[in-house]
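Right, I'll just put the structure down here and ask away after.
The values are calculated or read from the model by the stated rules, or taken from the named source; none is laboratory data. Because the structure is a prediction, the values reported are computed rather than measured. No Cβ is skipped: glycine too gets one built from the backbone with ideal geometry, and neighbour counts run over all protein chains shown. When the accessible area is computed, the model is the full protein with side chains, heavy atoms only, and any ligands, DNA or RNA have been set aside. Shrake-Rupley method; radii C 1.70, N 1.55, O 1.52, S 1.80 Å.
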Amino acid sequence: MADAKKLYIKTYGCQMNVYDSERMAEALATSGYEQTQTAEDADMILLNTCHIREKAAEKIYSELGRFKPLKAAKPDLRIGVAGCVAQAEGAEITARQPMVDLVVGPQAYHRLPEMLAKAETGKRVIDTDFPEEDKFARLKGRPAKRGAPAAFLTVQEGCDKFCAFCVVPYTRGAEVSRPVAQIFDEARALIERGVCEITLLGQNVNAYHGAAQGGAWGLAQLIRELAALDGLERLRYTTSHPNDMQDDLIAAHGDCPELMPYLHLPVQSGSDRILKAMNRKHTAAEYVALIERIRAARPDILLSGDFIVGFPGETEADFEDTLALVETIGYGQAYSFKYSARPGTPAAEKPEIDPALADERLQKLQALLNAQQTAAQEAMVGRETTVLFEKKGREPGQLIGKSEHLQAVFAEAPEQLLGQIAKVRVLAAAPNSLRAELLPA
Ligand code: 5AD
Ligand code: SF4
């Protein structure tokens, strides 16, 4: 269509935002918008934002500043802020950046077409409701066009855990699970368009308890039943809380071959004192015991985690406990952050520790985690595994994909293997990628 309007979406933050951005693009396609990769071409710019740390939120305002000349040159350009900054700051955004036409929270984006129609008449629209109607039911199904072979599927949203540092329970709201039938419809639509790997998403995905005929299903049952779908070969889920790792989910790691040997299970700290102050509701020893049970079910599982250093009141001894826990577990991958006080959270009321000390601790922790990641990468050399090839590599004749353990793998492989799972042997390891050779099917 020559006269299609152009939509530019920029996504920040977690995988759920990636998923949400795709759904927003689909919703706006019904209003005649097609996506562009350049802001300069756009008739509508949408920033899908993250509020988890201060830096992430502040980035949005500098990005909006960058669009000022575009709006000056094209007064009809509409600018929208979506996601968690929109939810947390609402009308404050338009006070700080009056050129913003539209603010939409993560629970209201199915209303985007109506909101945009209003914005196009020159009105400013702000919607940060948690509406009664089911957002997912209101969204159009996924298009049948073939795309990437790996996809995200949100099955649960929100969080009731209220960790003392975290904005998620406020920005995403209370924990809600999508009904099983809706998830199956979406999974089937994905498979139809060539997807063979699905990552089930939720802020607290292992607390999933979706309505099904005959009662609610937990995550383990959902995984097992999805695994039985023809064409679905790999399943993953993220992200989880240790206290929701039920026995049946641990068992699935041992006996459901479609469930990939990778688990992101944040612990945040190795100090019982800090875990208590964070309201995590478990001890370091309980986490270690849980990991032992998971490893007993699936010995080669690759573990990933999240860590916060410099939480209010963290002493050197607390930090040493975190290093000791990391030594005990041995992570194959991890994310670590300096504590960032978030307005409205209980921890934000407490005095912060010296930021230079927190920086120093973060560097120490990251050095240890990086060394563990490198060791996990090197342990793959010589091993046979499978790779789902997702795109062409930098060198001609090369394809890039993901291993079962979610490591990036590149290999010389024919293009017809794009979108396929192939057997490989790992030849060499770098900190963030593996080089492999194709094995006969
Ligand atoms: N400061 C620093 N890191 C945070 N995270 C969540 N809130 C904060 C905060 N206020 C981290 C946690 C969480 C991950 C998604 O982000 O480690 O698991
Ligand atoms: Fe935030 Fe995760 Fe804690 Fe929920 S469980 S409050 S999302 S850190």
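For the stretch 254-309, how many residues are free of Cβ contacts under 8 Å to residues at least 12 places away in the same chain and within 16 Å of ligand 1 (Cβ to nearest atom)?
1
In the stretch 293-311, which residues are assigned to a strand (DSSP E or B) and either within 16 Å of ligand 2 (Cβ to nearest atom) or open to solvent by less than 10 Å² (accessible area, probe 1.4 Å) (or both)? Lay out the reasoning, then the answer.
Filtering the stretch 293-311 for residues assigned to a strand (DSSP E or B) gives 302-309.
Residues satisfying the conditions are Leu303, Ser304, Gly305, Asp306, Phe307, Ile308, Val309.
Among the residues that make up the stretch 53-70, is at least one of them open to solvent by 50 Å² or more (accessible area, probe 1.4 Å) and within 16 Å of ligand 2 (Cβ to nearest atom)?
Just the residues of the stretch 53-70 that are open to solvent by 50 Å² or more (accessible area, probe 1.4 Å), to begin with: 53-55, 58-59, 62, 66, 68-69.
Imposing the further condition that a residue be within 16 Å of ligand 2 (Cβ to nearest atom) reduces the set to 53-54.
There is at least one residue in the stretch 53-70 that is open to solvent by 50 Å² or more (accessible area, probe 1.4 Å) and within 16 Å of ligand 2 (Cβ to nearest atom).
While we're looking at this one, here's another question. Is there any pair with a first residue in the stretch 156-171 that is at pLDDT 95 or above and assigned to a loop (DSSP other than H, G, I, E, B) and a second that is near ligand 2 (Cβ under 6 Å from one of its atoms) and among the acidic types (Asp, Glu) whose Cβ atoms are under 9 Å apart and which are 6 or more apart or on different chains, and what are they?
none
Find the residue count for the stretch 270-279, including only residues that are in a loop (DSSP other than H, G, I, E, B) and either open to solvent by less than 10 Å² (accessible area, probe 1.4 Å) or closer than 20 Å to Tyr331 by Cα (or both). Explain how you work it out, then say what you get.
We begin by selecting, within the stretch 270-279, every residue in a loop (DSSP other than H, G, I, E, B); these are 270-271, 278-279.
Those still in the list that are either open to solvent by less than 10 Å² (accessible area, probe 1.4 Å) or closer than 20 Å to Tyr331 by Cα (or both) too: 270-271, 278.
Adding up the residues that qualify gives 3.
For the stretch 374-390: of the residues being closer than 21 Å to Glu233 by Cα and in contact with a Gly (Cβ under 8 Å, 6 or more places away or on another chain), which is surrounded by the fewest Cβ atoms within 10 Å (Cβ to Cβ)?
Taking the stretch 374-390 and keeping what is closer than 21 Å to Glu233 by Cα, we get 383-390.
Checking which are in contact with a Gly (Cβ under 8 Å, 6 or more places away or on another chain) leaves us with 387-390.
Numbers: Val387: 27, Leu388: 23, Phe389: 27, Glu390: 16.
Across the stretch 374-390, the extreme among qualifying residues is Glu390.
Restricting attention to the stretch 173-192, and to residues there that are assigned to a helix (DSSP H, G or I) and among the small types (Gly, Ala, Ser), which single residue is surrounded by the most Cβ atoms within 10 Å (Cβ to Cβ)?
So in the stretch 173-192, the residues assigned to a helix (DSSP H, G or I) come out as 180-192.
Pick out the ones that are also among the small types (Gly, Ala, Ser) and you get 181, 187, 189.
On the way: Ala181: 12, Ala187: 24, Ala189: 16.
Selected residue: Ala187.
Ok, one more. Return the residues of the stretch 311-340 that are under 19 Å from the mean Cα position of the chain (by Cα) and among the aliphatic types (A, V, I, L, M); say none if nothing qualifies.
Passing the criteria: only Ala334.
Failed condition for His405, given (1) open to solvent by 30 Å² or more (accessible area, probe 1.4 Å); (2) under 24 Å from the mean Cα position of the chain (by Cα), with all others met?
The one condition His405 does not meet is (1).
Determine the pairs where a residue that is within 16 Å of ligand 2 (Cβ to nearest atom), located within the stretch 313-341, has a partner that is modelled with pLDDT of 95 or more and assigned to a helix (DSSP H, G or I) with Cβ atoms under 6 Å apart, the partner being 6 or more residues away or on another chain.
The qualifying pairs are Ala334/Leu369; Ser336/Leu365; Ser336/Gln366; Lys338/Ala358; Lys338/Leu362; Ala341/Ala348.
Against the conditions (1) within 16 Å of ligand 2 (Cβ to nearest atom); (2) within 30 Å of Ile191 (Cα to Cα); (3) over 18 Å from the mean Cα position of the chain (by Cα), where does His110 fall short? Just the number, please.
(1)
Answer yes if at least one residue in the stretch 99-117 is open to solvent by 50 Å² or more (accessible area, probe 1.4 Å) and in contact (Cβ under 8 Å) with a residue 40 or more places away in the chain, and no otherwise.
Checked against the condition, which is being open to solvent by 50 Å² or more (accessible area, probe 1.4 Å) and in contact (Cβ under 8 Å) with a residue 40 or more places away in the chain, the stretch 99-117 yields at least one hit.
Next question. All but one of (1) more than 14 Å from ligand 2 (Cβ to nearest atom); (2) in contact (Cβ under 8 Å) with a residue 60 or more places away in the chain; (3) in contact with a Ser or Thr (Cβ under 8 Å, 6 or more places away or on another chain) hold for Cys196; state the number of the condition that does not hold.
(3)
Ok, one more. Among the strands (runs of 3 or more DSSP E) lying completely within the stretch 200-264, list those that include at least 1 residues that are within 16 Å of ligand 2 (Cβ to nearest atom).
Values: elements: 209-212, 215-218, 234-238, 262-264.
Fully inside the stretch 200-264 and qualifying: 209-212, 234-238, 262-264.
Quick one: would you say Val195 is away from ligand 1 (no atom under 12 Å from the Cβ) and buried (at least 21 other Cβ atoms within 10 Å of the Cβ)? Don't jump to the end; show me each part of the working.
Numbers: away from ligand 1 (no atom under 12 Å from the Cβ): yes; buried (at least 21 other Cβ atoms within 10 Å of the Cβ): yes.
Spelling it out, Val195 is indeed away from ligand 1 (no atom under 12 Å from the Cβ) and buried (at least 21 other Cβ atoms within 10 Å of the Cβ).
A further question follows. Looking at the stretch 171-221 only, could you name the residues that are of a type in the set (Ser, Thr, Tyr) and in contact with a Lys or Arg (Cβ under 9 Å, 6 or more places away or on another chain)? Steps first, please.
As a first pass, look at the stretch 171-221 and keep what is of a type in the set (Ser, Thr, Tyr): 171, 177, 199, 208.
Hits for the stretch 171-221 are Thr199, Tyr208.
Report yes if some residue within the stretch 135-149 is modelled with pLDDT of 95 or more and within 18 Å of the chain's Cα centre (by Cα); otherwise report no.
Yes, the stretch 135-149 contains at least one residue that is modelled with pLDDT of 95 or more and within 18 Å of the chain's Cα centre (by Cα).
Restrict the check to the stretch 245-260 and report whether at least one residue is surrounded by 16 or more Cβ atoms within 10 Å (Cβ to Cβ), among the polar types (S, T, N, Q) and at pLDDT 95 or above.
no
A further question on this structure: Among the listed residues Leu201, Leu226, identify the single one that is touching a residue at least 12 places away in the same chain (Cβ under 8 Å) and farther than 27 Å from Cys163 by Cα. Let's see the steps before the verdict.
On the way: Leu201 fails: farther than 27 Å from Cys163 by Cα.
Result of the check over Leu201, Leu226: Leu226.
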